[in-house]
Amino acid sequence: MSSEQVSVGPVELSYTLTEDDWLDGFVAHRRRVRRPWLVPVLIAAVLVGLILGYVISDGARAMSAAVVAALAMVALVGIGLGLLLFRLLVAARWIYRLQVRMIMRGNPWLSEPIRAAVDDTGLRLTSTSRSETAAWSQYLRYVETERSFVLRASERLGAAVLVLPKRGLVTGDPATLRALLETHCHRSA
């Protein structure tokens, strides 16, 4: 611990995770994930559209009406699929809901009441069927939302996510937990 870091006592939480808690965690995590591959995909879609438009307009004199109609239909389908792909990749909250339901259904222990203790050594989570301890090195980043603190293993898309709902704070004051997170994790902007 550096000289600037002040030891903070344990923060106690008691909560039962809901689908909305997990959804908040998914959305917070995905909102912060960088998508460097999305720009080239969108540029490629624009280029394909421009090439198809050029072929249809300039080549229309030499082609029959049936070929022009077929190319126009292909262009419209391509545009529709491009818009659908954009919708699915950028603003797919309903997919998160489906993922959350599948996770909750496949892991019934996630719906058990959880007691959590967070201190300078890390996190301890206990429920009726599980007990876990995590060092701060497992969660390098965090995001604070209106409803919760979302701890993340990394900036990567498939990184482990731990949701600590603010409503579960025994003291009701998130300032102590925020101070611990600021000390041991990097806050994601």
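The values are calculated or read from the model by the stated rules, or taken from the named source; none is laboratory data. The structure displayed is predicted, hence computed values, not measured ones. Ideal geometry is used to build each Cβ from the backbone, glycine not excepted, and the neighbour counts take in all protein chains shown. Areas reflect the complete protein model, heavy atoms only, side chains present, ligands, DNA and RNA absent. Shrake-Rupley method; radii C 1.70, N 1.55, O 1.52, S 1.80 Å.
Once the piece of chain linking Ser137 and Trp94 is laid out straight, how much longer is it, given 0.36 nm per residue of separation minus the C-alpha distance between them?
Once the chain is fully extended between Ser137 and Trp94, it gains 12.3 nm.
Using the crude model of +1 on Lys and Arg Cβ and -1 on Asp and Glu Cβ, and no other charge, please compute the dipole size for segment 132-189 relative to its Cα centre, in debye to 20.
Here the size comes out at about 120 debye.
Step through the residues of segment 130-142 one at a time and calculate ³J(HN,Hα) from phi using the Karplus curve (6.51 cos²θ - 1.76 cosθ + 1.60, θ = phi - 60°), rounding each to whole Hz and writing x for Gly and Pro.
Whole-Hz 3J(HN,Hα) from phi for segment 130-142: 9, 9, 9, 10, 10, 7, 4, 5, 7, 10, 8, 9, 8.
From the protein chains alone at 1.4 Å, what is the descending order of accessible area for Val143, Val41, largest first? Write down the numbers at each step before the final one.
Working: Val143 0, Val41 60 Å².
The ranking, largest first, comes out as Val41, Val143.
Run the numbers for Arg156 and Leu83: contour at 0.36 nm per residue of separation, minus the present Cα-Cα distance, in nm. Don't skip to the end; give the middle numbers.
Numbers: separation 73, 0.36 × 73 = 26.28 nm, distance 2.48 nm.
Computed gain between Arg156 and Leu83 is 23.8 nm.
Hand me the GluC sites (Glu not before Pro) from segment 99-182 located in a DSSP loop with no more than 14 other Cβ atoms within 10 Å, in residue order please.
Sites meeting the loop and neighbour criteria: Glu146, Glu155.
In nm, to one decimal, how far is the modelled label at Arg101 from the one at Ile51, with both set 7 Å along Cα→Cβ?
4.0 nm
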